[in-house]
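**Student:** There's a structure below that I have some questions on.
The values are calculated or read from the model by the stated rules, or taken from the named source; none is laboratory data. If you're wondering where the values come from, they're calculated on a predicted model, not measured in any experiment. Cβ placement follows ideal geometry from the backbone for every residue including glycine, while neighbour counts extend to all protein chains displayed. Heavy atoms of the whole protein, side chains included, go into the accessibility calculation; ligands, DNA and RNA do not. Shrake-Rupley method; radii C 1.70, N 1.55, O 1.52, S 1.80 Å.
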Number of protein chains: 2
Amino acid sequence: GEMLVPAFSQEEYRARTTRLRQQMAERGIDALLVLNEGNMNYLTGYEGFSDYVPQLVLVCQDEEDPWLILREMDTLCADASSYLPQSHVLSYPEKYIASSQLSAWQPIAGLVRERSPSGCIGVELSGKILGLKGHAALGKSLGTSEFIDADGMISSLKAIKSPAELTYMEQAGKIVDRAMQVGRLAISVGARECDVAATIAHALYAGTPEFPGGTSRSPLVTMPVGSPGAAPHLTWTDGFYKMGCQTNFELGAVRHRYCCALSRTVFLGEPTARSRHVHQACLDGFLAA
Amino acid sequence: GEMLVPAFSQEEYRARTTRLRQQMAERGIDALLVLNEGNMNYLTGYEGFSDYVPQLVLVCQDEEDPWLILREMDTLCADASSYLPQSHVLSYPEKYIASSQLSAWQPIAGLVRERSPSGCIGVELSGKILGLKGHAALGKSLGTSEFIDADGMISSLKAIKSPAELTYMEQAGKIVDRAMQVGRLAISVGARECDVAATIAHALYAGTPEFPGGTSRSPLVTMPVGSPGAAPHLTWTDGFYKMGCQTNFELGAVRHRYCCALSRTVFLGEPTARSRHVHQACLDGFLAA
């Protein structure tokens, strides 16, 4: 059937796992449970936006390709988005979803132990879906609560970017630059704040004529308007733009999960002496850093 | 200064906390730690999009208004968005953020114990920011790991909607209806998938002439296109629309965190007999349910 094209080649995905397995060997980890969906995507290409349910990538020390372990419904996403063959996509039944009686960590542990019967297990312990209750259920089902804390292992791999990754980041940079321009032009006295946000969102998703924009789990537009302008992460309100109004844009454009962020302040009318002073101080600090 | 207008009246926020305190009394909880940011917003109006750092609402059995406990930077967001007076917004210093040495749960525990020196404590244990390590740090700092599991208490409050809440939900319904219409109209052979997504995002953010659309932590547009159409939660690709192509839209419009979702399937050209059969079966099932 028709498939999504994974963002990277099979060789690139496999090279990531190879580097990870070297790190695992150094730390005595035979089987690694990767719980962060961004990290799962990094190793396999898997798109699912499903990290509200138990799912993971299992990396075994003695195998070239990792395993995806998902809820049954999401195996379709894996087939469509991951470079892995279907034989490396495992699943647990849907009856484990949203059950107060059953824990999905129990069948997951079974699938892990089939592939690593007695090995030493590393886990991304800060994985948000694991939590306190998940950790207890996983430990019980695996017959051990002695996990090696694998938080940060994949972050350290990601610090070195490949040419293909840099290309996506440059593309995201072009998209965010354009989105900031159209946002600035959309501001005028009497304009609705939401219409400025809508214009920016359109630009972030549409991208450029050469390449499309992508999507994200995180808000891509934060834009506190007016005097809460100093407050981080607020968005727009039900209000209209007025003269003397300040907007602090924090935008992110995305290409295949690679994000480029850009912050700018737009002031409608003549900024106060204090605003100019703060601007100059920020600029001086930035240039000194 | 200029402030955001909280989505609900002070009376409505306080009525929510009153109902919660009744539930707490029934379960013997003297102090409740609300960790889910959606629930924090429900009780106080707080907007911050900061649930990647430790933060919470503290509800004490013997006080009418809850306390917000935030990282220092976010107190500006609370002042701008919450109905609470500044005296009920507490914070811990920024040095606790992203530190490998310090845990923010330590100063948070101090602020909790000042207000509930010896009381029985309830915690939303599935709060994603707490996790395994946070739970250990919080228990150590509070001098107890005997928490009452408060998961689901606020969900049960939310099940009964006020007239003001229903109004926001109706408005979100009008926005999502319009967004689906413009999305459908944007599809044609040769159109880029990303441009259809951009058109929909614009409509979701702009809302209607009467009321603006809102923002969300979750993706508001999922639209698997082509044969991975059966896969849930996928978005658009780098591709173009072709004849015979199916799109499964799952859209959400938001008013003040109240979301209205709508799903529709759009087929470009003449659907196959099988597609028609699946459509009829879904419709029959829906009408029978």
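**Student:** Go through B:Phe286, B:Pro6, B:Ala203 and say which Cα lies farthest out towards the positive end of the charge dipole of chain B; charges sit on Cβ, +1 for Lys and Arg, -1 for Asp and Glu.
**Tutor:** Selected residue: B:Phe286.
**Student:** For B:Tyr52 paired with B:Leu166, estimate the spin-label separation in nm (one decimal), with each label point 7 Å from Cα along the Cα-to-Cβ line.
**Tutor:** Output for this residue pair reads 3.9 nm.
**Student:** Suppose every K and R has +1 on its Cβ and every D and E has -1 on its Cβ; what is the size of the dipole of chain B about the Cα centre, in Debye to the nearest 20?
**Tutor:** Here chain B has a charge dipole of around 800 debye.
**Student:** Per residue, how big is the convex hull around the C-alpha atoms of the protein assembly as shown? Give it to me in cubic angstrom, could you?
**Tutor:** Normalising the Cα hull of the protein assembly as shown by residue number yields 174 Å³.
**Student:** Helix B:10-27 versus the longest principal axis of chain B: what is the Cα-based angle in degrees, 0 to 90, to the nearest 10?
**Tutor:** In chain B, helix B:10-27 runs at an angle near 70 degrees to the longest axis.
**Student:** From the phi of every residue in the range B:112-121, what ³J(HN,Hα) in whole Hz does the Karplus formula 6.51 cos²θ - 1.76 cosθ + 1.60 yield, where θ is phi - 60° and glycine or proline is x?
**Tutor:** Whole-Hz 3J(HN,Hα) from phi for the range B:112-121: 5, 5, 4, 9, 8, x, 9, x, 7, 10.
**Student:** By the gyration tensor of its Cα atoms, with a ≥ b ≥ c the square roots of the eigenvalues, what is the shape of the range B:59-141: rounded for a/c under 1.5, prolate for a/b over b/c, or oblate?
**Tutor:** Here the range B:59-141 falls in the oblate category.
**Student:** Would you work out which of B:Pro107, B:Tyr96, B:Gly190 lies farthest towards the positive end of the dipole of chain B, given +1 charges on the beta-carbon of Lys and Arg and -1 on that of Asp and Glu, about the Cα centre?
**Tutor:** Result: B:Gly190, furthest along the dipole toward the positive end.
**Student:** HN-Hα J couplings of the range A:45-53 from phi, Karplus 6.51/-1.76/1.60, θ = phi - 60°, integer Hz, Gly and Pro as x?
**Tutor:** x, 4, 10, x, 6, 10, 7, 8, 10
**Student:** Taking square-rooted eigenvalues a ≥ b ≥ c of the alpha carbon gyration tensor, is the range A:10-158 rounded, prolate or oblate, where a/c under 1.5 means rounded and, failing that, a/b exceeding b/c means prolate?
**Tutor:** oblate
**Student:** Ignoring ligands, DNA and RNA and using a 1.4 Å probe, state the total buried accessible area between A and B in Å², rounded to the nearest 100.
**Tutor:** About 4700 Å² of accessible surface is lost on pairing.
**Student:** State to the nearest 20 debye the size of the charge dipole of the range B:167-274 about its Cα centre, where the only charges are +1 on K and R beta carbons and -1 on D and E beta carbons.
**Tutor:** 140 debye
**Student:** Continuing with this model, one more query. Quick one: of the DSSP bridges fully inside chain A, what percent are antiparallel, nearest 5?
**Tutor:** 70 percent
**Student:** Work out the length of the dipole vector of the range B:1-101 about its Cα centre, built from +1 on the beta-carbon of each Lys and Arg and -1 on the beta-carbon of each Asp and Glu, and round it to the nearest 20 debye.
**Tutor:** 260 debye
**Student:** Still on this model: Leaving out ligands, DNA and RNA, and with a 1.4 Å probe, what % of the accessible surface on the protein assembly as shown is carbon or sulfur?
**Tutor:** Ligands and nucleic acids excluded, carbon and sulfur give 54 percent.
**Student:** Also, I was wondering about something else. Give me the percent of DSSP beta bridges within the range A:45-196 that run antiparallel, rounded to the nearest 5.
**Tutor:** Here the antiparallel bridges make up roughly 35 percent for the range A:45-196.
**Student:** Ordering B:Cys259, B:Cys120 by accessible area with a probe of 1.4 Å, largest first, what comes out?
**Tutor:** I get B:Cys259, B:Cys120, largest accessible area first.
**Student:** Compare the Cα positions of A:Ile69, A:Ala15, A:Ile129 along the charge dipole of the range A:10-158 (+1 at Cβ of Lys, Arg; -1 at Cβ of Asp, Glu; about the Cα centre) and return the one farthest towards the positive end.
**Tutor:** The residue sitting farthest along the positive end of the dipole is A:Ile129.
**Student:** When only DSSP loop residues count, what trypsin sites (Lys or Arg not before Pro) in the range B:173-257 have their Cβ near at most 14 other Cβ atoms within 10 Å?
**Tutor:** Within the range B:173-257, the qualifying trypsin sites (Lys or Arg not before Pro) (loop, at most 14 other Cβ atoms within 10 Å) are B:Arg217, B:Lys242.
**Student:** Something else about it: Take the Cβ-Cβ distance between B:Glu210 and A:Phe240 as r, set R0 to 22 Å, and report the resulting FRET efficiency rounded to the nearest 0.05.
**Tutor:** Efficiency for this residue pair is about 0.95.
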